[in-house]
1. Please compute the length gained on full extension between Lys207 and Thr162, using 0.36 nm multiplied by the number of residues separating them and subtracting their Cα-Cα distance.
2. Per-residue HN-Hα couplings for region 238-251, Karplus 6.51 cos²θ - 1.76 cosθ + 1.60 at θ = phi - 60°, whole Hz, x for Gly and Pro?
3. Apply the Karplus curve 6.51 cos²θ - 1.76 cosθ + 1.60, θ = phi - 60°, to the phi angles in region 104-109 and return the couplings in whole Hz, x for Gly and Pro.
4. Between Asn186 and Ser103, what is the label-to-label distance in nm when each label sits 7 Å out along the Cα-to-Cβ direction?
5. Per-residue counts of other Cβ atoms within 10 Å, averaged by peptide: what ranking do you get for 98-109, 140-151, highest first?
6. When we measure straight from the Cα of Lys58, which aspartates and glutamates land under 16 angstrom away, once same-chain ones fewer than 8 places off are left out?
7. Please compute the net charge surrounding Ile64, taking Lys and Arg as +1 and Asp and Glu as -1 over other residues with Cβ under 12 Å from its Cβ.
8. Quick one: which residues, 5 or more positions from Gln187 or on another chain, have an amide H under 5 Å from its amide H? H modelled 1.01 Å from N in the peptide plane, none for Pro or chain starts.
Amino acid sequence: MKKRILSAAVAFILCFIGLVFNCSTAVHAQGITVYQYRRVDPAKMDEFLKRETIYWSKVAQKAIDGGKMTFWAVLAKVGGADELNSPNVLFVNTFPDMDADLSGVFDAAKVFPGVPMSKMDTYGMSTVIGEYFLQGQGWQEVAKVNGDKDFKYIKMNYHNSTDPASFNAIEIRNWGPFIKAAMDKNQTVQKAWGNAIVLSPTGGSMKFNCLSYDLYPTLQSALLEKWSPDTKFPTTGLDSLQKIAVSPPMTFIYRIVKTASKK
């Protein structure tokens, strides 16, 4: 089970993610976040998520309580393209120190000594499609946020920029205060926002080098994104982002299945 060291047998959250989500302190917490994308046979998805929820979320919670992690989430993708070859589950794992001894982080036998691994295993039910190292940076959430109620779905926006550090800085400086005010004034159905920068891999065929995430209470609110007619968008900041964006962002929606974070 050593392969689980950098995976949440989780799911992203991202995530958010995150994901929470007690997201205000988890998704963008200092440290290193590992996004692991997996492909799960749809016929096995219910059992996969059941095991992640019953067993691995508690394993992750123990690691968090012991200071080896700060956040864990499992997210299930909603819709998408090229379904047969694309990942449909995202695990979000945040570690305070990637150089620490992580060998016992996902030792399920210590948490569930009487349960055989054959009943808990999810790694064998999935295929790892990709694994990325990121660091959360910006974060804003609605006033009096209720994570259990407000954070049900997350929209992951994958940005490709000529200068990812500047891209995120512009977002934090312009979009962050704007979305915070808009959420507090009920000008949008969105409940939280954050962004992160990709540490590795970078260059080559990578199609994104930073990302942002928007959190919503329902799937409909994530899909429709209604805004109040009197909303005034930060046009100067948005124009600056467009100038250094290589292409429009790729966007995917995930359902937040289960998270674990500091209590």
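1. Values: separation 45, 0.36 × 45 = 16.20 nm, distance 1.15 nm.
Additional length available on full extension: 15.1 nm.
2. 5, 4, 5, 5, 5, 5, 10, 7, 6, 7, x, x, 7, 10
3. Computed from phi, the couplings for region 104-109 are x, 4, 10, 8, 5, 4 Hz.
4. Placing both labels 7 Å along Cα→Cβ, they lie 5.6 nm apart.
5. Numbers: 98-109: 14.7, 140-151: 16.6.
Averaged packing, sorted descending, gives the order 140-151, 98-109.
6. Counting by Cα, and skipping residues close in sequence, Lys58 has these aspartates and glutamates nearby: Asp107, Asp121.
7. +4
8. none
The numbers here are math on the coordinates, done by the rules we state, and not lab data. Since the model is a prediction, treat every value here as computed from it, not as a measurement. All Cβ positions, even for glycine, are placed from backbone atoms using ideal geometry, and neighbour counts span all protein chains on display.
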